[in-house]
Each structure stands twice: as structure tokens, then as C-alpha cells.
Amino acid sequence: MTAAGDRVRWVELPGRDPARVYVHGLGATSPAYFAATAAHPLLAGRRSLLVDLLGHGHSDRPTSFAYTLEDHADALAEALRAADVTGAELVAHSMGGSVAVVLAARHPGLVSRLVLVDANLDPLPLAPGTAGSSGIAAYAEEEFVAGGWREVRDRVGPHWWSTMRLAGLEALHRSATHLVRGTTPTMRELLLGLPVPRTYLFPEADGPLTGARELTAAGVRVVAVPDCGHNIMLDAPEAFARAVAEALPG
């Protein structure tokens, strides 16, 4: 619960500690994206929290919340403390990966290991007329809430919209806006400086990962996953489970 009384909610699978925490991307929800992974034979048996970020999925959707990456990270930190989680292993996708990096930097006692799944590490340009964060952030908030969201709905398609429709409109727009703006220092710079074990998974089809050499030099394992797109856990569930299991102990 935040200081304003807004609740972050999650689905929890019982098991042994330390906990594993799964964090979704923009307009998504962790149970839909990560349930199969958390229950996979290579990963089952660990206490697992499939968390919905504030404004998304089953969590509250306050319109007074700023939805910066720092705000998301702090709200997630409060939820993890409420769940008696410390030293968690985070598996985090896209925007959730950005939040996870900020969480590890701001609340280091809560995170023991990071597995980032095609996460945003750098600011992005606005891109009107496209799907995703750059297209959503290209609207003014009032324009998006008044009807621009319908154009986004039609662009993203029924699969993404099936979870995106659960997000609050203000939450979706503000989250996208702050994601494309990034943080200071950037998420990439924060990631490079983190002392915990870190793995970055990305679709092999996207070609060489930008900044891979720098990440590797800083101790980040960079792993290309074949035969998938951005939603690696949905496109290649077996390969994804193997890659996550290789990144995590035991």
C-alpha cells in the first residue's frame, strides 16, 4: 500500500525463499505473462510473486499518482516489504525491467539478482502513430484520455489490448511518458553500476544488442533467445524458462 492508501496486488505461488518476483511491461499484467514460467518444472518450487504494477492489472489505478519509474519502484518496494520479501530474484519484462533496475538502485536490500527481459535501458524518441510507449507518449494526456486511447487500441491489436484495457488511462499514459523519458542517471547507467548478478535476455532476431560489449564488461550476462519477438516468455516459453533457470541459482 502506498502512503495514499493505493494497493499493489499480486498472485503468489507458495515455495521456498528467497522469493522470485515477476514484473510485467507497459499495459500488461504479470499473471498473464509469467504464470507458465513460474510454474515451469525448471523454476517451480520457489515462492513466486507475480506482481501487477500500480495502475495495471489487478492493482489500484489512482489518478493522483505520477507513475514515474521511481514512483513505480517505490510502490513495488512497499509491496515487497508488506509481503516480507527481501533479497528477491527479479524477472522483469520491458518497462518492468526498467522499474526493476530502479528498484535495485533505490532499495538494494530487496533485490539479490536481476533477469531483465528485453527491458528499456535508454530514453526513447516520441513516435506518433506507432504502438507502444513512444506512440502513447506522443499524445498529450488530455488527448489520450479523451479518445486517443481508441487509436492505440486499434494499433496494438487484440492480444496486447486484452491486458492493456485493464490499465487506468492516466496510468498508461503517464507510465509510457516517463518510460520514454527515462531516468537520471539512465537505466543503463544504473544497471552498469549495480553490484548484484544481472542477466539481460533479448530476441536473437533483433540482431546485436546495443551496448552489449559495455554490459558484458560490467558483468551483465547478455543472452540472445532464438525464435521469438519482444514477448519472449509467450513466444518461446521453453527457451525462456531455460534461459531464466540458467540465470538463477538452484
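The values are calculated or read from the model by the stated rules, or taken from the named source; none is laboratory data. This is a predicted model, so every value here is computed, not measured. Because the Cβ atoms are built from the backbone with ideal geometry, glycine has one as well, and the counts that use them run over all protein chains shown.
Details
- The one condition in (1) under 15 Å from the mean Cα position of the chain (by Cα); (2) under 26 Å from Gly5 (Cα atoms); (3) not hydrophobic (A, V, I, L, M, F, W, C) that Thr86 fails to fulfil: (1)
- Any chance Val180 is of a type in the set (A, V, I, L, M, F, W, C), touching a residue at least 40 places away in the same chain (Cβ under 8 Å), part of a helix (DSSP H, G or I) and more than 28 Å from Ser48 (Cβ to Cβ): yes
- Enumeration of residues in segment 176-191 that are out of contact with any Gly (no Cβ under 9 Å at 6 or more places or on another chain) and charged (D, E, K, R): Arg181, Glu189
- Matching residues in segment 68-98 - criterion: being touching a strand residue (DSSP E or B) at 6+ places or on another chain (Cβ under 6 Å) and either over 16 Å from Leu194 (Cα atoms) or of a type in the set (Val, Ile, Thr) (or both): Val85, Val91, His93, Gly96
- Test: residue in segment 117-140 that is in contact (Cβ under 8 Å) with a residue 40 or more places away in the chain and closer than 20 Å to Pro195 by Cβ: yes
- Candidate set: segment 69-107, residues that are within 21 Å of Ile232 (Cβ to Cβ) and of a type in the set (Ser, Thr, Tyr); chosen: the one surrounded by the most Cβ atoms within 10 Å (Cβ to Cβ): Ser98
- Test: residue in segment 196-205 that is touching a residue at least 40 places away in the same chain (Cβ under 8 Å) and over 21 Å from Ala38 (Cα atoms): yes
- Out of Val222, Val180, Val196, sole residue that is in contact with a Phe, Trp or Tyr (Cβ under 7 Å, 6 or more places away or on another chain) and at negative phi: Val222
- Criterion: over 16 Å from Ser98 (Cβ atoms) and in contact with a helix residue (DSSP H, G or I) (Cβ under 6 Å, 6 or more places away or on another chain) - qualifying residue of Leu169, Leu190, Leu194: Leu169
- Selection from segment 1-54 of residues that are among the acidic types (Asp, Glu) and within 13 Å of the chain's Cα centre (by Cα): Asp52
- Within segment 1-61, strands (runs of 3 or more DSSP E) holding 2 or more residues that are buried (at least 23 other Cβ atoms within 10 Å of the Cβ) and at pLDDT below 95: none
- Matching option when the condition is in contact with an Asp or Glu (Cβ under 7 Å, 6 or more places away or on another chain) and among the aliphatic types (A, V, I, L, M), among Leu209, Leu248, Leu190: Leu248
- Close contacts from segment 231-250, counting a first residue that is assigned to a helix (DSSP H, G or I) and a second that is buried (at least 17 other Cβ atoms within 10 Å of the Cβ) and acidic (Asp, Glu), with Cβ to Cβ under 9 Å and a gap of 6+ residues or different chains, come to Ile232/Asp118; Ala247/Glu89.
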